[in-house]
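Report on the structure given below.
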Ligand SMILES: *Cc1c(COP(=O)(O)O)cnc(C)c1O
């Protein structure tokens, strides 16, 4: 099925229309095709489908609910194609494995999601891929580039330091080097706060579990490919006769990501979860606008409170990343802030409304102590490099009334 891309329309309008068929008598919404396989009435039709892949055969290969979600994510990110996968972790792994092979090198900024650092430190090296994590500056990334560097990786807003990647500078560095730039845009809200492809990124990944699904109810992930990317210096695409680039042309990258993540590795998103995420996307702009405004209110209040030792939020003029934030973010500075309190255990035990859970982008405000939980498996130096200290609290702001959140924080501080 082809979906109208609504190219003239704004984010909010695309979010509710892309993927919904416009047809008499057909339901208004994205239907959930909760099936493993699709039937054929003749042997010819079956043989035809297995040769062309034009419609559907088996849900690991094709599923209409996933296609509708993928079209919606592509439209929101301004991408050429999207592959939906079972989780953000599956998406990151697929994006990296999509462009790297044994002997290749990837440079990533160090202030990334703990699971991403885990893939870079522990999983890719098992496959003969070299990895380097560096400080989140173009200069540090440039210094780490090697002859065999094929991928540069960063997050729009780093987790949990809330540092901002200079996407344009990283893209220029990567491209001069014949490499691609991949950006984990989870905190960028599927293009609502930031569209990395517009700033030169080649690949954008998401944990759709977070602001996309938006209600803390399912896991999901995606990789979106931009329209312009140069694969001519990536051995994965250029080696072999005939090579993948010659075979697939402009579609080579998207094709390989789908083949790898879904067809071969089977990290498929379930149709039910795809339906839930597609619904979540319909209210993402409303939620993130409200959550960003509340986060700014809370960040200001915490910064003014002497019981709080440090507040990191890109929307605060005191943030070292405020200038980059203004350059790359629009519609708000995101829903996450990190702050330091003298006694985290005591603080967390006093909260009555805000809950402690390792998630982001929920409708409910959630806090976590990254030092002992999300980043607890990283070596101490890596934790500090990611902006995590024993006193840090990460808070993902939900849609509750700001006054109730402020009252809860003040009660727990006193
Ligand atoms: C949560 C998260 C991931 C991993 O996503 P899952 O859906 O939990 O697998 C990756 N990157 C970022 C920035 C995240 O916040």
Which listed residue is free of Cβ contacts under 8 Å to residues at least 12 places away in the same chain and not in a strand (DSSP E or B), from 91, 102, 143, 95: 143
Count of residues meeting criterion [more than 13 Å from the ligand (Cβ to nearest atom) and part of a loop (DSSP other than H, G, I, E, B)] in region 194-211: 4
Qualifying positions in region 48-82 - under 19 Å from residue 21 (Cα atoms) and surrounded by fewer than 16 Cβ atoms within 10 Å (Cβ to Cβ): 54, 55
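Rundown of residues vs (1) surrounded by 24 or more Cβ atoms within 10 Å (Cβ to Cβ); (2) more than 12 Å from the ligand (Cβ to nearest atom), yes/no style:
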residue	(1), (2)
157	yes, no
177	no, yes
182	yes, no
192	yes, yes
215	no, yes
235	no, yes
240	no, yes
Candidates 296, 257, 281 - the one that is out of contact with any helix residue (DSSP H, G or I) (no Cβ under 6 Å at 6 or more places or on another chain), crowded, with 16+ Cβ neighbours inside 10 Å and at pLDDT 95 or above: 296
Whichever residue in region 217-233 is assigned to a loop (DSSP other than H, G, I, E, B), within 16 Å of the ligand (Cβ to nearest atom) and buried (at least 18 other Cβ atoms within 10 Å of the Cβ) and, among such residues, is nearest to the chain's Cα centre (by Cα): 220
When residues of region 60-88 are limited to those that are in contact with a strand residue (DSSP E or B) (Cβ under 7 Å, 6 or more places away or on another chain), closer than 11 Å to residue 268 by Cα and outside any helix (DSSP H, G or I), the one farthest from the ligand (Cβ to nearest atom): 83
Pick from region 254-274, criterion assigned to a helix (DSSP H, G or I) and over 18 Å from the mean Cα position of the chain (by Cα), ranking: nearest to residue 58 (Cα to Cα): 263
Of all residues making up region 157-188, the number that are within 12 Å of the chain's Cα centre (by Cα) and closer than 20 Å to residue 81 by Cβ: 6
Qualifying residue in region 89-110 (condition: out of contact with any strand residue (DSSP E or B) (no Cβ under 7 Å at 6 or more places or on another chain) and over 23 Å from residue 260 (Cβ atoms)): no
Residue among 275, 240, 226 that alone is in contact with a strand residue (DSSP E or B) (Cβ under 8 Å, 6 or more places away or on another chain) and more than 20 Å from residue 53 (Cβ to Cβ): 226
Subset of region 343-392 (residues that are surrounded by fewer than 17 Cβ atoms within 10 Å (Cβ to Cβ) and in a strand (DSSP E or B)): 355, 356
Yes/no for residue 151 being assigned to a helix (DSSP H, G or I) and without any contact (Cβ under 8 Å) to a residue 60 or more places away in the chain: no
Members of region 24-59 that are assigned to a loop (DSSP other than H, G, I, E, B) and either in contact with a strand residue (DSSP E or B) (Cβ under 8 Å, 6 or more places away or on another chain) or not assigned by TED's automatic domain parsing to the domain that holds residue 269 (or both): 36, 38, 57, 59
Test result for residue 269, buried (at least 20 other Cβ atoms within 10 Å of the Cβ), in the same structural domain as residue 17 (by TED's automatic domain parsing), touching a residue at least 24 places away in the same chain (Cβ under 8 Å) and more than 15 Å from the ligand (Cβ to nearest atom): no
Pick from region 105-136, criterion part of a loop (DSSP other than H, G, I, E, B) and at pLDDT 95 or above, ranking: nearest to the ligand (Cβ to nearest atom): 129
Flag for residue 186 being within 12 Å of the ligand (Cβ to nearest atom), closer than 24 Å to residue 333 by Cα and either at pLDDT 95 or above or in contact with a strand residue (DSSP E or B) (Cβ under 6 Å, 6 or more places away or on another chain) (or both): yes
Subset of region 113-132 (residues that are touching a strand residue (DSSP E or B) at 6+ places or on another chain (Cβ under 8 Å) and crowded, with 18+ Cβ neighbours inside 10 Å): 113, 116, 117, 120, 124, 129, 131
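The values are calculated or read from the model by the stated rules, or taken from the named source; none is laboratory data. Quick caveat, the model's predicted, so the values are computed rather than measured. Cβ atoms come from the backbone with ideal geometry, glycine included; neighbour counts cover every protein chain shown.
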